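These notes are about the structure you will find just below.
The values are calculated or read from the model by the stated rules, or taken from the named source; none is laboratory data. Keep in mind it's a predicted model, so treat the numbers as computed, not measured. With ideal geometry, Cβ positions are generated from the backbone for all residues, glycine too; neighbour counts draw on all protein chains shown.
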Amino acid sequence: MLIPRAALDGLTATFTRTASGYAVASVEADLDPLDLVRAGADAFGAAGYVGAPDGRQVAGLGIAAQATTAGADRLRRLRPLLRDLPPEAVALVGFSYQSDGPVSAEWASFPAAAAIVPQIAVVREDGRSRLVAAAPPGVDPSTVVTAASSLRAPAPARPPRASSATVASSPSVEEWRDAVAEAAAAAADGTVEKVVLARTVRIALGAPIAAFDVVALLRDRYPESRVFGWQAGEATFVGASPELLVSRRGDRFRTVALAGSAARSPSPEADRRFSEELLASGKDRVEHAIVVDEIVRRLQPMVDLVDVPPAPVVERYATVQHLATPIVGRGRATVLELAEALHPTPAVGGHPSPDALAFQSKLEQIDRGWYSGGIGWADGSGDGELAVALRSALLRGERAVLYAGNGIVVGSDPDAEVEETRLKLRPLLALLTGG
């Protein structure tokens, strides 16, 4: 049994009804949130996990309540579901890059935006975990407890064991290189300042992929990243993102401008040199400043205070290091309102937005789906945290589609941009293929 009997009994004794009619209970329990989804994802059909570098983790199984929306105000329209949540409950939140949602068949089970209150959830923060159960209106809460009691502790997570593997770029590397050259030329002649172009790598492994085992391995290998998994039907979207979209606690919010990249090196001396070169790079500093300025411009009308450091720092990840500017402030806007104002940032959508997005639409040959959208959690008070869904893959059966993209500005070199996407693809590609 995964969940201790005492915790299950505690749930049974503490269920209360919310104004919207569903029953909620919460007890402390020493549980790994990822164990919950690894144990029950197949049985429940809907599962999600988000984890941050500071140790905050939320995982959930099943659906007690949900809302799906589309359009320019899709995140604000998720708010009614959250208003009725009691303090102990949270919702998992995810949304696509495009406001009207994915268009391709492989993303069919993923809406433009979704908020889900799980039937069974584990929330971990400050080194302590609590188990939360929710029953939909008209459902006996004891059925949720019974389902929770059926979960068994999973075996240790293992990478996929592929009998064979085929890997193909889509679009081809040559086509994507040509698109980068066209975008760089447009930046040079002043048509746009920055265009963000993404590409995919498609893998067939010859053996089923245990999606939340992949998420567990990502969490273990990349603790500096924001790790996530969202199961919808037969597909699961997974990743380990370096980028925070926005977090909110009370009237305080935080976001990070992340743009400008360099490789890592196992040699401390070379790694430090790459970092220094990144900080000194005119091309990367221009790209970074575009993102910082646009984030501040969007936030200022809706908050009371925005505090921006005078210069970026370097944040290091497994295969890439980035220029980063942490931005904090104060205001009454909820996490979903802040996210709607910020998305898409120039880091994923380019600048200036209308022209850059039109150019992106012309040159990209993929449906981004939830890649470069957002994923995280939110609660009834308006607090929450959302990551930009980068360094990610859509998993289905034995197949995976990996996503990576770069910002193209004046001076971008197509060969260097191809290599940078390879660095971004490497963690998931290596994990899935054993490379």
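Residues that are among the hydroxyl-bearing types (Ser, Thr, Tyr) and in a strand (DSSP E or B) within region 115-158 comprise just one, 129. Consider region 317-373 and keep the residues that are under 26 Å from residue 282 (Cβ atoms) and assigned to a loop (DSSP other than H, G, I, E, B). The one that is modelled with the highest pLDDT is 372.
Among the residues making up region 223-249, those that are buried (at least 23 other Cβ atoms within 10 Å of the Cβ) and not in a strand (DSSP E or B) are 225, 242, 243.
State yes or no: is residue 93 in a strand (DSSP E or B) and either closer than 30 Å to residue 399 by Cβ or of a type outside the set (A, V, I, L, M, F, W, C) (or both)? When the stated conditions are applied, residue 93 passes them.
When restricted to residues that are polar (S, T, N, Q) and either touching a strand residue (DSSP E or B) at 6+ places or on another chain (Cβ under 8 Å) or at positive phi (or both), region 265-318 contains 3. The C-beta contact set for region 350-363 (first residue farther than 16 Å from residue 405 by Cα, second residue among the basic types (Lys, Arg), distance under 9 angstrom, 6+ apart or interchain) comprises 352/194. Tell me, please, whether a residue that is in a strand (DSSP E or B), farther than 24 Å from residue 242 by Cβ and not acidic (Asp, Glu) can be found in region 171-187. The answer is no, given that none of the residues of region 171-187 is in a strand (DSSP E or B), farther than 24 Å from residue 242 by Cβ and not acidic (Asp, Glu).
If the condition is being surrounded by fewer than 23 Cβ atoms within 10 Å (Cβ to Cβ) and under 20 Å from residue 349 (Cβ atoms), then region 75-96 contributes only 76.
For residue 299, state whether it is within 26 Å of the chain's Cα centre (by Cα) and in the same structural domain as residue 410 (by TED's automatic domain parsing). For residue 299, the condition - within 26 Å of the chain's Cα centre (by Cα) and in the same structural domain as residue 410 (by TED's automatic domain parsing) - is met. Considered as a group, the residues in region 211-255 that are of a type in the set (Val, Ile, Thr) and out of contact with any Phe, Trp or Tyr (no Cβ under 9 Å at 6 or more places or on another chain) include one that is farthest from residue 107 (Cα to Cα), and that residue is 255.
Would you confirm, using the coordinates I've provided, whether residue 159 is surrounded by fewer than 22 Cβ atoms within 10 Å (Cβ to Cβ) and touching a Pro at 6+ places or on another chain (Cβ under 7 Å)? Against the criterion (surrounded by fewer than 22 Cβ atoms within 10 Å (Cβ to Cβ) and touching a Pro at 6+ places or on another chain (Cβ under 7 Å)), residue 159 does not qualify.
Table: residues versus (1) assigned to a loop (DSSP other than H, G, I, E, B); (2) of a type in the set (Asp, Glu).
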site	(1), (2)
375	no, no
381	yes, no
386	no, no
390	yes, no
395	no, no
404	no, no
407	no, no
419	no, yes
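The listed residues are 160, 102, 156, and the only one of them that is without any contact (Cβ under 8 Å) to a residue 40 or more places away in the chain and either within 25 Å of residue 203 (Cβ to Cβ) or among the hydroxyl-bearing types (Ser, Thr, Tyr) (or both) turns out to be 156. For region 30-45, a residue qualifies if it is buried (at least 19 other Cβ atoms within 10 Å of the Cβ) and modelled with pLDDT under 95, and exactly one does: 44. Among the residues of region 188-216, those identified as part of a helix (DSSP H, G or I) and farther than 30 Å from residue 293 by Cα are 211, 212, 213, 214, 215, 216. For region 320-333, the tally of residues that are crowded, with 18+ Cβ neighbours inside 10 Å and in contact with a strand residue (DSSP E or B) (Cβ under 7 Å, 6 or more places away or on another chain) stands at 9.
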